[in-house]
């Protein structure tokens, strides 16, 4: 007899074989049996955002975003980019400790930038500006 998992425990880990033979880690949510008797696994996998194509007419604004786990280096910078589909590209460079970062919209993607040379180069891109509040000066 198997022991049941606590309700707050994450689903068990699995390896998902993708077309072409590659595998990626995932979490097994459920087993479902189809009308033909074949079993199917309902699983969740994580893939790079570049592997996802959004479908026209779907609303993605309520999809939760989790900020990066890795904190930028002390004295570092972060780039806050607007990721809403159909919006003009726009990014703002902030000092890593900028107080406005806690007030960003859920569709904002934060990318740590630890190298001051890279931060300076980002400010040369037309759609990137420096934060008015923290005024980063890499």
Just to be sure before I move on: is residue 137 under 27 Å from residue 18 (Cβ atoms) and at pLDDT below 85 in the structure I sent? no
What tally of residues in region 81-101 results from selecting those that are outside any loop (DSSP other than H, G, I, E, B) and in contact with a strand residue (DSSP E or B) (Cβ under 8 Å, 6 or more places away or on another chain)? 9
Identify, please: which residue in region 75-91 is in contact (Cβ under 8 Å) with a residue 12 or more places away in the chain and exposed (fewer than 12 other Cβ atoms within 10 Å of the Cβ) and is, among those, nearest to residue 54 (Cα to Cα)? 85
Just checking, how many residues over region 102-119 are under 15 Å from residue 75 (Cα atoms) and in contact with a strand residue (DSSP E or B) (Cβ under 9 Å, 6 or more places away or on another chain)? 8
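Conditions (1) outside any loop (DSSP other than H, G, I, E, B); (2) modelled with pLDDT of 90 or more, marked per residue:
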site: 7; (1), (2): no, no
site: 10; (1), (2): no, no
site: 15; (1), (2): yes, yes
site: 31; (1), (2): yes, yes
site: 37; (1), (2): no, yes
site: 53; (1), (2): no, no
site: 57; (1), (2): no, no
site: 60; (1), (2): no, no
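The values are calculated or read from the model by the stated rules, or taken from the named source; none is laboratory data. Owing to the predicted nature of the structure, the values given are computational and were not obtained by experimental measurement. Glycine also receives a Cβ, built like all others from the backbone with ideal geometry; neighbour counts cover every protein chain displayed.
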